[in-house]
Amino acid sequence: MSDVRRDHHAFTVAHLTTVDMSLRFLVLAQLRAVVERGGRAIGISAPGPWVAELEAEDIEHRALPSSTRSMDLAADAHAARELWTILRRERVDVLHTHNPKPGLYGRIIGRAARVPIVVNTVHGLYATEGDPLAKRALVYGLEAIACRASDAELYQNPEDLALMQRLHLTRRARYLGNGVDLTRFDPARFTSVERDAVRAELGIDDPDTIVVGAVGRLVAEKGYPELFDAFATLPPRFALVVVGDADPDKPDSLPPALVARARDRGVRFLGPRDDVDRLYAAMDLFVLASHREGFPRAAMEASAMGLPVVANDIRGCRQVVENGRTGLLVPVGDAAALGGAIAELAHDPARRVTMAAAARDRAQNHFDERHVVDTVLDTYRDVARHKGIAFPPW
């Protein structure tokens, strides 16, 4: 694609994800930034309920009907062909890929389709140093191959970046971090009256009830079985609120019987919600019992809302929670330790207040999505300069 061709249309950035939910909740700020600067933003993913919201913000959408979250090599091959057709039809200047599967085939297809700039974000390697050698070799090897088709690799987690650099399996890589909208996730937006109103909506009228919140898809990898076991050991003055949708395509989707038992024990399942900021305002502390994370958004949101966070001591959670200052870290899969940490904070209101202030302060200093957007646009600009490609004055 020549510079003359690019000069005759708005500079176009396409973000590729598996599903439209990722476009809406993971990269919306980056898509908006392109539109706000006069560029053309395209989201490419499986079609879904969030497309209309994207299009309402002048973000175009191109559907990959074959894209799935589950492992399906035939569907993935179809999705790759669909992506090829889109890229050959659209005049895309930057293809920015996300998620494990589209991050793999997207980089390769993008380079084959001669997209001028191909960038990938590693939201969290799908293997950790504690996984079996065969899994690590497969994941790290595929990343090493795919990164050769990109112009830049953006790592959200510094541990992932350090690992891949130490193994010499990445190139043209830089640290991205992660962030949230600190104006939306701000406890100052909500009064005590609004907090009480939300708790009343949840059926929680006793002001002494300790509301524990969790946000995430209903899959075992998010640590829900241990969280439910931990909750069962806590006294009646605790309420557990779970925000998140079922994910039946995943092999570790929570069995309906497990969810039913938890509901019988008093766990409140709210399903997917787009008012999580209101829900955080009603909570006393937040729990993330995940077994694997890249740089968890929900924990950042909760921290920004001034909530102490109890999380597993894993990559990602370690970047959000400063153990003993903004929350507590516990061993993975240990329901007793999880319940103990929740009870420890519940019984110490003064400590929760101190942690809440520290969590908000950490979020303001480290989790601002505006810095993430700036880094992404700087990366596009740097690659364009290096390759001699015209770049708009953003």
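For this structure, a couple of remarks:
- Peptides 321-327, 229-235 ordered by average Cβ neighbours within 10 Å, highest first: 321-327, 229-235
- Shown for TYR280, TYR126, TYR175: other C-beta atoms within 10 Å of each C-beta, ranked fewest to most, produce the order TYR175, TYR126, TYR280.
- Sequence of TRP394, TRP50 once ranked by neighbouring C-beta atoms within 10 Å, starting from the fewest: TRP394, TRP50
- Compared with the dominant Cα axis of the chain, that is its longest principal axis, helix 73-89 is turned about 50°.
- Taking the empirical scaling 2.2 N^0.38 Å for compact globular proteins as reference, the stretch 38-167 has a Cα radius of gyration ratio of 1.10.
- Across every pair of non-identical alpha carbons in the stretch 285-394, the mean reciprocal distance, once inverted, gives a Kirkwood radius of 15.3 Å.
- Two numbers describe the Cα atoms of the stretch 204-285: Rg and Dmax, which are 12.6, 39 Å.
- Over the chain, Cα pairs under 8 Å with separation of 6+ residues give a relative contact order of 14 percent.
- A compact globular protein would have a Cα radius of gyration near 2.2 N^0.38 Å; the ratio found for the stretch 301-350 is 1.08.
- For ILE59, ILE108, order by how many other beta-carbon atoms lie within 10 Å, fewest first: ILE108, ILE59
- Where N is the number of residues in the stretch 187-366, Cα Rg divided by 2.2 N^0.38 Å: 0.94
- Mean residue ellipticity (222 nm) of the chain, computed from DSSP H runs ≥ 4 via -39,500 (n - 2.57), nearest 500: -13000 deg cm²/dmol
- Equivalent-ellipsoid semi-axes for the stretch 240-290 (Cα gyration tensor, √(5λ), whole Å, largest first): 21, 14, 10.
- Cα centroids of the stretch 148-212 and the stretch 307-374: 11 Å apart.
- Dividing the radius of gyration of the alpha carbons in the stretch 7-64 by their Kirkwood radius gives 0.95 for Rg/Rh.
- Only Cα pairs under 8 Å and 6+ residues apart enter the sum, and on that basis the relative contact order of the stretch 188-269 stands at 33 percent.
- For LYS250, a cut-off of 19 angstrom between C-alpha atoms picks up these lysines, skipping any fewer than 8 places away in its own chain: LYS101, LYS135, LYS222.
- Summed residue charge, Cβ within 12 Å of VAL35's Cβ, Lys/Arg positive, Asp/Glu negative: -2
- Of all DSSP beta bridges in the stretch 187-366, antiparallel share, percent nearest 5: 5
- Residue of LEU182, LEU133, LEU87 that the Gaussian network model of the chain assigns the largest fluctuation, springs spanning Cα pairs under 10 Å: LEU133
- Counted charge near ARG174, where neighbours are those whose Cβ lies closer than 10 Å (Asp, Glu -1; Lys, Arg +1): -2
- Here the contact order of the stretch 236-394, divided by its residue count and restricted to Cα pairs under 8 Å and six or more residues apart, works out to 17 percent.
- The chain - Debye-derived log10 I(q)/I(0), Cα point model, q = 0.08, 0.12 Å⁻¹: -0.43, -0.96
Read the figures in this text as sums done on the coordinates, not as results from a lab. Keep in mind that what you see is a predicted model, and the values were worked out from it rather than measured. Cβ coordinates were reconstructed from backbone atoms using ideal geometry, including for glycine residues, and neighbour counts include every protein chain displayed.
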